[in-house]
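In what follows, a structure is listed as structure tokens, so that the remarks can point back to it.
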Amino acid sequence: MAIASLSNPFIAFVFVIYAIICFGLRISQKKNEIFNLSKLKWLTIGIMVLFIPFCIILMLSGTVSEYITNISFILSDSEHSEYSIIEKMIRSQYQILRVYWRVWVPLFITSICAFYVRNSEKYKKAIYIISCVIVAYGTIRFAFIYGSVSINLMLTPFMFLGLFVTYLIIIWNYDIRVYYNDIIWFLFGYIFSVMNYLATNTEILSMSAMMIISAIASIRLNIKIVSKELELNSFICKTFAYLTIVLFLMSLFILRMTFMWGDLSITKCTSVIDKGIAVGIKTSKENKDEYDNIFKLLDEANINSDDKVLFIPTNALYYLMTDGEIAAPYVVRFNTELSELKNYYDTHAYKVPDKIVIFKNDEYENIINYFLKERYEYSIMSDEFCVLEKSN
């Protein structure tokens, strides 16, 4: 919880929700194995053990003026969403419904059927098998058929299966105490994903990444329901459950180990990168050619491990492909603005770059001219890129 909150402060709301439930149950004098003050105490201690040293290290690493400037810089991020928190929460649910309608609509229809056959064991098995087929289709679609490589998007269909199984447990009157812990994990995983949505400007792409928590809880729910219910160990239900789980896990593994997120559709990823940080990754021929060209240009830039480097436009892959120290206010940004760079270096003088590597020279003439006035000189200048180095 502490680590997650440090990377995404909105996740602290999950702790607040948990604390409110614990105190509410305490006031109403109801006992609960998960929501109680004893567990809240140890959770709080665990968070503080990580949070306090983090704060100490943070305060020793910079000045008050730096932190004030950084906070104002973060809050004025021109590429961050302009929606309010309430608007983003509404949008998060809308986007799930819009993107995954091929999964939730047939599951919704199936859920209606499940209610009417709740007294028939034979039809219960059929309902569960149909739900597995629907989610398997959703997994395959977002893993391999969707318009681009969408590693995160393929996690959400399995979340829907967990939600559907939870619904079955309730309407079919199964002992919910058997599934209690997994349902709690499932719900809090979903809350985590919504908090992730609030913290980013990539919306459903980042939200779906956090669905992994709910997906894992969903796996446990499915294993339990086919093992403990559905005519006790129904072979056909177990087969469909485990096949769906294996399909989900294998798809996740194949996508993350073989392709790049956001690449063209898998059918177009026929070339394999054979050098550098991305060796072994499959991509399109056009992307491979671009990667090879960038690799060649960065090799020409001759960046050493003791060089402070600014890449324009900023791209995390450039830093991963070289040994230089990051000398930029961010490593992922579609556009680089001169005013932001000036503000950053005025506050963080120790981060002033030794080398500036600029691609698409004609789009950043104002930045090039600024650094030339700041006693930088061309060490490389070509049609494809240029390198500026600080003169002695």
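Taking 0.36 nm per residue of separation and subtracting the Cα-Cα distance, full extension of the segment from residue 377 to residue 20 would add 122.6 nm.
Entry note, the chain: the mean residue ellipticity at 222 nm calculated from DSSP H runs of n ≥ 4, each adding -39500 (n - 2.57), is -19500 deg cm²/dmol after division by the residues and rounding to the nearest 500. For the chain, the relative contact order is 12 percent, taking Cα pairs closer than 8 Å that sit 6 or more residues apart in sequence and dividing their mean separation by the residue count.
The overall shape of the range 298-390 is rounded: from the C-alpha gyration tensor, with semi-axes ordered a ≥ b ≥ c, the ratio a/c is less than 1.5. Taking 1.002 mPa s as the viscosity and 20 °C as the temperature, the Stokes-Einstein diffusion coefficient of the chain based on its alpha-carbon Kirkwood radius rounds to 87 µm²/s. The label point for residue 279 and the one for residue 343, both projected 7 Å from the Cα toward the Cβ, are 4.2 nm apart.
Computed from phi, the 3J(HN,Hα) profile of the range 114-124 under the Karplus parametrisation 6.51, -1.76, 1.60 (θ = phi - 60°) reads 4, 5, 7, 10, 5, 9, 10, 5, 5, 6, 4 Hz, with x in place of Gly and Pro. Here the calculated FRET efficiency for residue 181 and residue 55, from their Cβ-Cβ distance with R0 = 25 Å, stands at 0.20, rounded to the nearest 0.05. Exposure proxy for 67, 100: other Cβ atoms within 10 Å of each Cβ, ordered fewest to most, give 67, 100. Computed on the range 178-318, with alpha-carbon pairs under 8 angstrom and 6+ residues apart, the relative contact order is 13 percent. Close amide H partners of residue 202, meaning residues 5 or more places away or on another chain with modelled amide H under 5 Å apart, do not exist here. Mind running the shape call on the range 1-61? Use the C-alpha gyration tensor, a ≥ b ≥ c as the square roots of the eigenvalues: rounded below 1.5 for a/c, prolate if a/b tops b/c, oblate otherwise. Prolate, since a/c reaches 1.5 and a/b exceeds b/c. Exposure proxy for 309, 49, 135: other Cβ atoms within 10 Å of each Cβ, ordered fewest to most, give 49, 309, 135. Basic side chains Lys and Arg get +1 at the Cβ, acidic Asp and Glu get -1 at the Cβ, and with that the dipole of the chain about its Cα centre reaches some 2660 debye.
Taking a 28 Å limit on the Cα-Cα distance, which of the listed pairs 275/355; 39/224; 282/308 fall beyond it? Going by Cα-Cα distance, 282/308 fall outside the 28 Å limit. 3J(HN,Hα) along the range 234-241: 4, 4, 5, 5, 4, 4, 5, 4 Hz, from the Karplus curve 6.51 cos²θ - 1.76 cosθ + 1.60 with θ = phi - 60°, whole Hz, x for Gly and Pro.
Could you sort out which of 30/125; 31/238; 30/228 sit more than 31 Å apart by Cα distance in this structure? As for pairs spanning more than 31 Å Cα to Cα, those are 30/125; 31/238. Think of the chain as a dipole: +1 on every Lys or Arg Cβ, -1 on every Asp or Glu Cβ, centred on the Cα centre; then among 352, 295, 209, 209 lies furthest on the positive end.
How far apart, in nanometres, would the label points at residue 331 and residue 146 be if each is projected 7 angstrom from Cα along the Cα-to-Cβ direction? The two pseudo-label positions are separated by 2.4 nm. The mean sequence distance of close C-alpha pairs (under 8 Å, at least 6 residues apart), as a share of the length of the range 298-390, puts its relative contact order at 27 percent.
What angle do you read, to the nearest 10 degrees and between 0 and 90, between the alpha-carbon axis of helix 156-171 and the longest principal axis of the chain? That helix lies at roughly 20 degrees to the long axis.
By other beta-carbon atoms within 10 Å, ranking 48, 210 with the fewest at the front produces 48, 210.
For residue 68 and residue 109, the FRET efficiency from 1/(1 + (r/R0)^6), where r spans their Cβ atoms and R0 equals 45 Å, is about 0.25.
In this structure the amide hydrogen of residue 380, modeled in the peptide plane, comes within under 5 Å of the amide hydrogens of 387, none closer than 5 places in sequence on its chain. Residue 264's amide H: which non-local residues (gap 5+, or another chain) put their own amide H closer than 5 Å, with H modeled 1.01 Å from N in plane and none for Pro or chain starts? Under 5 Å from the amide H of residue 264 lie the amide H atoms of 149, 284, each far enough along the sequence or on another chain. The string of couplings for the range 191-207 from the Karplus curve (6.51, -1.76, 1.60, θ = phi - 60°) is 4, 4, 5, 5, 4, 5, 4, 5, 8, 10, 10, 9, 6, 4, 5, 7, 4 Hz, one whole number per residue in order, with x for Gly and Pro.
Summing Cβ point charges (Lys, Arg +1; Asp, Glu -1) relative to the Cα centre of the range 298-390 gives a dipole of roughly 340 debye.
Every number in this text was worked out from the coordinates using simple rules, so none of it is lab data. Predicted model, so just to flag it, every value in this text is computed and none were measured. Cβ atoms come from the backbone with ideal geometry, glycine included; neighbour counts cover every protein chain shown.
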